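Here, each number is a calculation from the coordinates, and none is a lab measurement. The structure displayed is predicted, hence computed values, not measured ones. Using ideal geometry, Cβ is built from the backbone for each residue, glycine included, and neighbour counts are taken over all protein chains shown.
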Amino acid sequence: MAWTDDRVEVLKKLWAEGLSASQIAARLGGVTRNAVIGKVHRLGLSGRATPSRTPRPKPRRTREPSHPSKISTFRTAGANALKVDTDIDIDPIIEPEPAPLREVDLPPTGKRCNILQLSDKTCRWPIGDPGAEDFCFCGANPKAGQPYCEHHVRLAYQPAQDRRRRQAAGARR
């Protein structure tokens, strides 16, 4: 579709009236919104009629509080000071105590070793916090074809049925 002089004049008139590029494309027919935008830029049309604005401001919408027990009311005193009304009872949020970490006992045959001493002939079960000075690995003889000793293999590889059974038993308590 070529831009004829007549179509360019209609484009200029509709652009000056404040129509959007989509509306102009629909009125002209056979042209896309992007084609209208491109032609407007090539013609250097920048002066547009501003859309009419309402003289009164829109009222602000207030949001409902999401958790009523956390509501605090504030009153202002002075230019920027806020004081909290203390007569409101707010229920404290009680966080449950985390379960204590269970230390895994080192099997009696374990020879602790550091990362430089690990090999395919040592158990690679980590012991302690990796950031701590005393961090080490089990170091016992591993079970054939496994990275861990017999003791740690039983901890690491638990059949799914046994895990489900233990979780169900723990949930009933």
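Would you mind counting up the charge near R7? Only other residues with Cβ under 12 Å from its Cβ, with Lys and Arg at +1 and Asp and Glu at -1.
+1
Shown here for segment 110-173: chymotrypsin sites (Phe, Trp or Tyr not before Pro) in loop regions (DSSP other than H, G, I, E, B) with at most 15 other Cβ atoms within 10 Å, namely F135, Y157. Once backbone amide H atoms are built at 1.01 Å from N, C136 has I127 as its partners under 5 Å, excluding neighbours fewer than 5 places away on the same chain. Tally Lys and Arg at +1 and Asp and Glu at -1 over the other residues with C-beta under 14 Å from the C-beta of L118: what net charge comes out? Computed value for this residue: +3.
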